[in-house]
Structures are given as C-alpha cells and as structure tokens.
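Presented below is the structure to which this report refers.
Values quoted throughout were computed directly from the atomic coordinates according to the rules given, and no laboratory measurement underlies them. All values reported here derive from a predicted model rather than from experimental measurement. Because the Cβ atoms are built from the backbone with ideal geometry, glycine has one as well, and the counts that use them run over all protein chains shown.
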C-alpha cells in the first residue's frame, strides 16, 4: 500500500502566490537542490500547464512529505487535484492572502462532508 | 436443498464434510474478527474526521494571521520576497514521519523537525529585522499547524482506503464465502443421506433375496426329504439283496 517508504520523505513543497511562498520560505521550508526547488510561485502570468507540471513533479518526488497548494491555484487545476488520492505526499489546500479559505471547494473536505452526510 | 445457490465443486464424502465444516467455522471467526476491526477503524476514522474538519478551519485563521505579519514586514522593509526566494538553500524546517498502529494499520504521523537557529541570512535588510523575525515565527507556527493537519489528512486517506478494503472483505465473507460453504455442507449432507438410504435399501434387498433363496432351498430340501422318506428303504433292500444274490447264489452256468 501507500504506507511504504514514507520514512525518507521529510520536505514540504509549496505551490502558491508570492506572499504565501515568501512566508513559508521565511519559516524555512525552502530547499534548493541543484536547481530543483520545492516551491513554485504562481502569479497571473503563470500558465496552467506549468502549474500542472509542478504539481506532477512534486507529487512524483520521493522526498516530499507534504505538498501545500494555495486554494485559488488548486482551483485552476481542480480536475488534477480531485483525481489525486494518494496518501503521500499529503496534499493540503491552504488559503492565501487575497483568497479567503472556502471549505466547500476543498477536495478533502468535500469527501469529509460526504462521509459525514451519509 | 442441494441444488440452490453456488457451492464448491467437491466430492461428497465424510472427510470433505468435516473439512468444509471446519472451513465454515474459520470463515465465521474471520468474519467476526474483521467486523471488529472495521468497527475499531471506523471509531478512529470518525474521530480523525472531526479533527480534520476542525483543523481545516483553524488553518484558515492561522494563515490569515501569518499573512498579516508578512504584510507588516512588507510595510516595514519593502518587498523581500525575491531576496527570500533567492536565499533558500537547504530546508531548515523539515518533517519527520513516525508511525502509529491502529488495529494493524500503520498510520504515518508527521512531526516537525526544525533545525534551530536562523540560517536565513537576512543581513541585507537594514530595517525591520524585528518584523522579519516575527513574521518568521508566525509562519513557523502556521506551518506547524499545517503539518499537523497534513498528518491528520494522511491518516484520513489511509484509513478511508483500509476501511473500504475491510468492508469489502467483510461483505465478501458474509455474502459469498459463508453461504457457499453452507451450501456445500447441505449438499454433502444430502448426498450422504441419499447414499445411506441407498445402502439401506440395498441391504434390505439383499436380505430379502437371501431369505427368498433360503426359503426356496428349504422347500427343495423338504421335498427331497419327503421323497427320501418314502422311497429309500426299499431301494436299499433291493440293492443289498441283489448283491447278496450275486455273490452267494450258485449259478448252474458257472463251470468252475
């Protein structure tokens, strides 16, 4: 099952807007290894395909335990996010400064609500 | 009877019956164990579900706070995002996974693994060092919350999957395996009964035949006896007489 090889996962990755990424980097999650970074800054000019590529890369990497993604960014690649059901890395949708958190949009919370419903 | 429902393709013998009964017992034990496991997991799952819901809402507040402190930094020092991004080298804020066991299911839990001290070299910032430090702390706190939430969420995902698998197994045993074994037992029992009846009938038939044969033989013997009782003495006498006659009497024709 998915519980194998989570021992060596110890990094956090982030896909988000400038402020979120800056703040998280301030906290010290940034890791740059041979031009391979664990963060992606998304602004209005970033194309959806590059977000998708980053999402794919971070979910494929073996050293990432938690992937943080801004909710408004997740919204852009929602089909991909909804399809993602692996346990590792854990996907976490976080609010950003300009976009308050909306629990109704969260893929995981949607499942939680569904389970509570029935 | 034996024809209803699916059953195992097995030869109806007493041994097969014993084996099947044992298997049925095993299946029932397995079923109750799995049902217990499912209940335990579900209890855990409910608790985690509630916590996830709570933590998600808490995260909203924490992140808002963090954004505010970053805004303060930006106000005090100007935009430092580029600088911060360029200075990121090795992560000082990492997580460590440890495992927790819930009725045989390994649940990972992330723990914050923070390298102490500020390796972030912010010497370029002449002003607002205080604000930066504060923002850093606030964000670290926020990330801790996020990590906590992430481990809850991971546990949630894994438990969800495991509960599904367990449910499938419980249902399969309850609705497929056990009825099948019961059918097999019914089939074997009915076949064995059938064989018993056949055997009984055969025995009866053989006995009846033997009896008939014995009676016939008796009748023959009896009739023989009766016949013997009437005829034998005379015949005996006759033969004896003739023998004696032959040996003892003198014949004129014999010359020596």
> Modelled label-to-label distance, residue A:33 and residue B:101, 7 Å Cα→beta-carbon offset: nm?
Replying inline: 3.1
> Calculated from DSSP H runs of 4 or more alone, at -39500 (n - 2.57) each and per residue, what is the 222 nm mean residue ellipticity of chain A, nearest 500?
Replying inline: -11000 deg cm²/dmol
> For a paramagnetic label modelled at 7 Å from the Cα of residue B:199 toward its Cβ, which residues of region B:1-42 fall within the zone defined by backbone nitrogen distances under 15 Å?
Replying inline: B:12-18
>> Per 0.36 nm of contour for each residue apart, how much would the distance between residue B:18 and residue B:6 grow if the chain were fully extended, relative to their Cα-Cα spacing?
In response: 2.4 nm
> Length gain on complete extension for the stretch residue B:130 to residue B:222, per 0.36 nm per residue less the alpha carbon to alpha carbon distance?
Replying inline: 19.8 nm
> In which sequence would A:72, A:99, B:175 go, from the one with the fewest C-beta neighbours within 10 Å to the one with the most?
Replying inline: B:175, A:99, A:72
>> Please list, in order, the residues from region B:130-156 whose amide nitrogen is less than 13 Å from a point placed 7 Å along the Cα→Cβ vector of residue B:114.
In response: B:133-148
>> At a 10 Å Cβ-Cβ cut-off, how would you order B:93, B:11, fewest neighbours first?
In response: B:11, B:93
> Among B:10, A:69, B:163, which comes first, then next, by fewest other beta-carbon atoms within 10 Å?
Replying inline: B:10, B:163, A:69
> Hey, what did chain A get for relative contact order, percent, Cα under 8 Å, at least 6 apart?
Replying inline: 29
> What is the extension gain from residue B:171 to residue B:206, computed as 0.36 nm multiplied by their sequence separation minus the C-alpha to C-alpha distance, in nm to one decimal?
Replying inline: 7.5 nm
>> Would region A:11-116 count as rounded, prolate or oblate if I go by the C-alpha gyration tensor, calling it rounded below 1.5 in a/c and otherwise prolate when a/b exceeds b/c, oblate otherwise?
In response: prolate
>> I'd like the FRET efficiency for residue A:75 and residue B:42, computed as 1/(1 + (r/R0)^6) with the beta carbon distance as r and R0 of 41 Å, rounded to 0.05.
In response: 0.80
> Based on the alpha-carbon gyration tensor of region B:14-170 and its eigenvalue square roots a ≥ b ≥ c, which shape applies: rounded if a/c is under 1.5, prolate if not and a/b is larger than b/c, or oblate?
Replying inline: prolate
> At a Förster distance of 56 Å, what's the computed FRET efficiency of residue B:253 paired with residue B:191, Cβ-Cβ distance as r, to 0.05?
Replying inline: 0.05
>> Between residue A:63 and residue A:99, what is the label-point separation in nm under the 7 Å Cα-to-beta-carbon projection?
In response: 2.9
